[in-house]
Amino acid sequence: MSTLILLNKPFRVLSQFTDERPEGKEKRETLAKYIDSKQVYPAGRLDYDSEGLLLLTDDGALQHQIAHPKHKLPKTYWVQVEGEENPHAVDALRVGVELKDGKTKPALVEVINPPTVWDRHPPVRFRQSIPTHWLSITISEGRNRQVRRMTASVGLPTLRLVRVRIGDWELGDLQPGEYQSITIPNLPIDKPYRQKPRKSFVRKSNRNTKPTTKYKPNRKK
């Protein structure tokens, strides 16, 4: 059996347990503040300035299945972008946009109503004269800062990015710094994991985190 941890990674936290900045530079927060276990490792990454679902496991084969691009595990993000709603931009994202490292694969993109999520600290900086709106974007690639580069390429700079789903695993009502630990069966490295967890989760809250309102996806009609 393998352990899988679903963590809501807070804003400005590294997706690793140590900060490799050289001495003399201010250290950044790491996963060590939120995860006590030293036996698990991140399965994939989430940018320092992004929030939401990060998976960790003690099983190397499962880590490979989740993180390796060949498995094309879909990942869903709620993205707050700057600018007015633009159907042409959404269509371009759905088809694929040209980036410096090549054209992206087609993505699932929807305009959604602002989701009810936790307040970010520090808050997003808004320009009063420019509106914002939210997109739900699902991709099956893992390029560096891909979603941010995609939205920028169609004239919709990303202001806030929250990952809410990886494959069959969802963020649910976890608040920043909280995690769920589940136990799942070991599977061969070449067999993608598609089963539901066999045991219920145990949630642990960071004592410095205050619970906020639960949220659910709210697609715009």
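The values are calculated or read from the model by the stated rules, or taken from the named source; none is laboratory data. Since this is a predicted model, take the numbers as computed values, not measurements. A quick note on method: Cβ atoms are made from the backbone with ideal geometry, for glycine too, and the neighbour counts reach across all protein chains shown.
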Selection status of Gly44, modelled with pLDDT under 95 and exposed (fewer than 15 other Cβ atoms within 10 Å of the Cβ) | no
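Has region 174-192 got at least one residue that is basic (Lys, Arg) and either touching a Lys or Arg at 6+ places or on another chain (Cβ under 8 Å) or modelled with pLDDT under 60 (or both)? Reasoning before the result, please.
Start the filter on region 174-192 by keeping residues that are basic (Lys, Arg), which leaves 191.
Now drop any that are not either touching a Lys or Arg at 6+ places or on another chain (Cβ under 8 Å) or modelled with pLDDT under 60 (or both), which leaves 191.
Yes.
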Starting from region 16-43, take each residue that is without any contact (Cβ under 8 Å) to a residue 12 or more places away in the chain and list its partners that are surrounded by 13 or more Cβ atoms within 10 Å (Cβ to Cβ) and among the hydroxyl-bearing types (Ser, Thr, Tyr), counting only C-beta distances under 9 angstrom and pairs at least six apart or across chains.
-> Asp19/Thr30
Would you say Phe11 is in contact with an Asp or Glu (Cβ under 9 Å, 6 or more places away or on another chain) and assigned to a loop (DSSP other than H, G, I, E, B)?
-> yes
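When you scan region 138-145, do you find a residue that is at pLDDT 60 or above and in contact with a helix residue (DSSP H, G or I) (Cβ under 6 Å, 6 or more places away or on another chain), even just one? Working first, answer last.
In the first step, residues of region 138-145 are kept if they are at pLDDT 60 or above; the result is 138-145.
Filter again for in contact with a helix residue (DSSP H, G or I) (Cβ under 6 Å, 6 or more places away or on another chain), leaving 142.
Yes, some residue in region 138-145 is at pLDDT 60 or above and in contact with a helix residue (DSSP H, G or I) (Cβ under 6 Å, 6 or more places away or on another chain).
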Do we find a residue being under 24 Å from Arg143 (Cβ atoms), under 19 Å from the mean Cα position of the chain (by Cα) and of a type in the set (S, T, N, Q) anywhere in region 69-91?
-> yes
Do any residues in region 118-138 that are among the polar types (S, T, N, Q) have Cβ atoms under 6 Å from those of residues that are assigned to a loop (DSSP other than H, G, I, E, B), where the two are at least six apart or on different chains, and which pairs are they?
-> Thr138/Pro74
Which one of these is at pLDDT 90 or above and surrounded by fewer than 21 Cβ atoms within 10 Å (Cβ to Cβ): His88, His64?
-> His88
In region 157-187, which residues are more than 29 Å from Val81 (Cβ to Cβ) and of a type in the set (Ser, Thr, Tyr)?
-> Ser181, Thr183
Go through the residues of region 67-84 one by one and say whether even a single one is in contact with a Pro (Cβ under 7 Å, 6 or more places away or on another chain), under 18 Å from Glu170 (Cβ atoms) and buried (at least 21 other Cβ atoms within 10 Å of the Cβ).
-> yes
